[in-house]
Amino acid sequence: MLRTQFEEELLNLHNQFYEMGMMVSNAVHKSVRSYTKHDKVLAKEVIENDITINDMETRLEKKSFEMIALQQPVTTDLRTIITVMKASSDLERMADHAVSIAKSTIRLKGETRIPEIEKEISDMSDYVKKMVDNVLVAYVKTDEKDARTIANMDHRVNESFNRIYNATIKNMQANPETVISGTDYVNVASYLERIGDYVTNICEWIVYLATGKITELNTNHNEETNQR
């Protein structure tokens, strides 16, 4: 009976984590959409919904600690609980970056915009959202191979950031009126790049869940990011 109850609690933990992940994916998408469409109403929605995401992360962490303390799970189940605790923290940080993007939308006051760079940011966002969605599926399937593949996708996110950064600097030098919006472009692209890094973190936890081994993925990429 106790084992059945524990399995139900573990399933609920899985489901709540996935639900939180979908909310974060939507937050990322809506935050960039609000930015490129200059939609302050949508931006406020992202900011307001972050409270729910924070609460979910707190509940997941609390429940995880309770299950470890009271149920004394076996090795495989313990890995699952640890993965949820660690990965939910990464999801919460992704949501924080989505909020930062939304706040950039709120700050907009008619500055000179650069449509082609905003298109690059929109494309980068779509790709990052795809990474988030894919990593949630990999988590559900406990798929080590998919997790490693998704982590490798982060290189393209880094390339997108570099393109946006270089194009923005070039435009700012040619037209000083784009300095304010250009600074925002670099910040927004940086937030998206960090979200990609957190996806990689979750990929590492999926590998841990599947194998029991702590593995660093995209080590060279992370070093490049830290140096910049």
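Per-residue answers, yes or no, for (1) touching a residue at least 60 places away in the same chain (Cβ under 8 Å); (2) touching a Leu at 6+ places or on another chain (Cβ under 8 Å); (3) β-branched (Val, Ile, Thr); (4) not in a helix (DSSP H, G or I):
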| residue | (1), (2), (3), (4) |
| --- | --- |
| 58 | no, no, yes, no |
| 70 | no, no, no, no |
| 78 | no, no, no, no |
| 83 | yes, yes, yes, no |
| 96 | no, no, no, no |
| 129 | yes, no, no, no |
In this structure, is residue 23 surrounded by 15 or more Cβ atoms within 10 Å (Cβ to Cβ) and either basic (Lys, Arg) or under 25 Å from residue 214 (Cβ atoms) (or both)? no
List the residue pairs whose Cβ atoms are under 6 Å apart, where the first residue sits in the stretch 135-152 and is closer than 19 Å to residue 212 by Cβ and at pLDDT 95 or above, the second is in a helix (DSSP H, G or I) and among the hydroxyl-bearing types (Ser, Thr, Tyr), and the two are 6 or more positions apart or on different chains. 151/200
Hey, residue 67 at pLDDT below 95 and touching a Pro at 6+ places or on another chain (Cβ under 7 Å) or not: yes
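Confirm whether residue 159 is within 13 Å of the chain's Cα centre (by Cα) and at pLDDT 95 or above. Don't jump to the end; show me each part of the working.
Details: within 13 Å of the chain's Cα centre (by Cα): no; at pLDDT 95 or above: yes.
No, not satisfied.
Look at residue 112 and say whether it is under 17 Å from the mean Cα position of the chain (by Cα) and surrounded by fewer than 17 Cβ atoms within 10 Å (Cβ to Cβ).
Numbers: under 17 Å from the mean Cα position of the chain (by Cα): no; surrounded by fewer than 17 Cβ atoms within 10 Å (Cβ to Cβ): yes.
For residue 112, the condition - under 17 Å from the mean Cα position of the chain (by Cα) and surrounded by fewer than 17 Cβ atoms within 10 Å (Cβ to Cβ) - is not met.
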Output for the stretch 122-156, where each listed residue is surrounded by 23 or more Cβ atoms within 10 Å (Cβ to Cβ) and among the β-branched types (Val, Ile, Thr): 128, 132, 135, 150
For the stretch 175-192, enumerate the residues that are free of Cβ contacts under 8 Å to residues at least 40 places away in the same chain and either closer than 28 Å to residue 134 by Cα or of a type in the set (Asp, Glu) (or both). 186, 190
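Residue 179: surrounded by 20 or more Cβ atoms within 10 Å (Cβ to Cβ), among the β-branched types (Val, Ile, Thr) and at pLDDT 90 or above, yes or no?
Values: surrounded by 20 or more Cβ atoms within 10 Å (Cβ to Cβ): no; among the β-branched types (Val, Ile, Thr): yes; at pLDDT 90 or above: yes.
No.
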Are there any pairs, at least 6 apart or on different chains, whose C-beta atoms fall under 6 Å, with the first in the stretch 14-27 and touching a residue at least 60 places away in the same chain (Cβ under 8 Å) and within 14 Å of residue 135 (Cβ to Cβ) and the second buried (at least 18 other Cβ atoms within 10 Å of the Cβ) and among the polar types (S, T, N, Q), and if so, which? 17/88
Is it the case that residue 101 is over 18 Å from residue 194 (Cα atoms) and in contact (Cβ under 8 Å) with a residue 40 or more places away in the chain? no
Every residue in the stretch 1-18 that is in a helix (DSSP H, G or I) and either exposed (fewer than 13 other Cβ atoms within 10 Å of the Cβ) or among the polar types (S, T, N, Q) (or both), please. 2, 3, 4, 5, 7, 8, 11, 12, 15, 16
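The values are calculated or read from the model by the stated rules, or taken from the named source; none is laboratory data. Values in this document were obtained by computation on a predicted structure and should not be read as measured data. Positions of Cβ are backbone-derived with ideal geometry, glycine not excepted, and every protein chain shown enters the neighbour counts.
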